[in-house]
Amino acid sequence: MNKDQFKGQKKKVEGQLEESAGEIVDDKEMERSGKRKKAIGKAQSRYGDAKSDIKKSK
């Protein structure tokens with residue numbers, strides 16, 4: 001696992017927690033922020049996957 005994959009997974013989990021907390025306290029802005037972080041984390045993790053695949057193919 002490279003650093004982009006790790007950071008992406010971390011951000012994704014942080015986003016899931018924030019989204020869940022927003023649902024519990026009924027804070028729509030917190031939910032949206034969590035969803036945004038989760039999406040950014042997924043993208044960063046996918047970038048790390050692609051980066052890793054490229055290194056493996058060399």
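So, in the stretch 19-58, exactly how many residues are of a type in the set (Val, Ile, Thr) and surrounded by 15 or more Cβ atoms within 10 Å (Cβ to Cβ)? Full working, then the answer.
Here is the first cut: in the stretch 19-58, the residues of a type in the set (Val, Ile, Thr) are 24-25, 40, 54.
If we keep only those that are surrounded by 15 or more Cβ atoms within 10 Å (Cβ to Cβ) as well, we get 40.
Residues flagged as of a type in the set (Val, Ile, Thr) and surrounded by 15 or more Cβ atoms within 10 Å (Cβ to Cβ) within the stretch 19-58 amount to 1.
Give me the pairs: first residue in the stretch 33-58 and part of a helix (DSSP H, G or I), second residue modelled with pLDDT of 95 or more and hydrophobic (A, V, I, L, M, F, W, C), beta-carbon distance under 8 Å, and six or more apart or on different chains, which are they?
Between residues of the stretch 33-58 that are part of a helix (DSSP H, G or I) and residues that are modelled with pLDDT of 95 or more and hydrophobic (A, V, I, L, M, F, W, C), the close pairs are Gly34/Leu17; Gly34/Ala21; Gly41/Val13; Gly48/Phe6.
Restricting the search to the stretch 19-32, which residues are in a helix (DSSP H, G or I), without any contact (Cβ under 8 Å) to a residue 12 or more places away in the chain and of a type in the set (A, V, I, L, M)? First the steps, then the outcome.
Of the stretch 19-32, the ones in a helix (DSSP H, G or I) are 19-24, 28-32.
Then keep just the ones that are without any contact (Cβ under 8 Å) to a residue 12 or more places away in the chain; that gives 23-24, 28-29, 32.
The one that is in a helix (DSSP H, G or I), without any contact (Cβ under 8 Å) to a residue 12 or more places away in the chain and of a type in the set (A, V, I, L, M): Ile24.
Checking the structure you have, find out if any residue of the stretch 5-14 is out of contact with any helix residue (DSSP H, G or I) (no Cβ under 8 Å at 6 or more places or on another chain) and not hydroxyl-bearing (Ser, Thr, Tyr).
no
The values are calculated or read from the model by the stated rules, or taken from the named source; none is laboratory data. Here the structure is a predicted model, which is why all the values come from computation and not from measurement. So basically every Cβ, Gly included, is an ideal-geometry build from the backbone, and we count neighbours across all protein chains shown.
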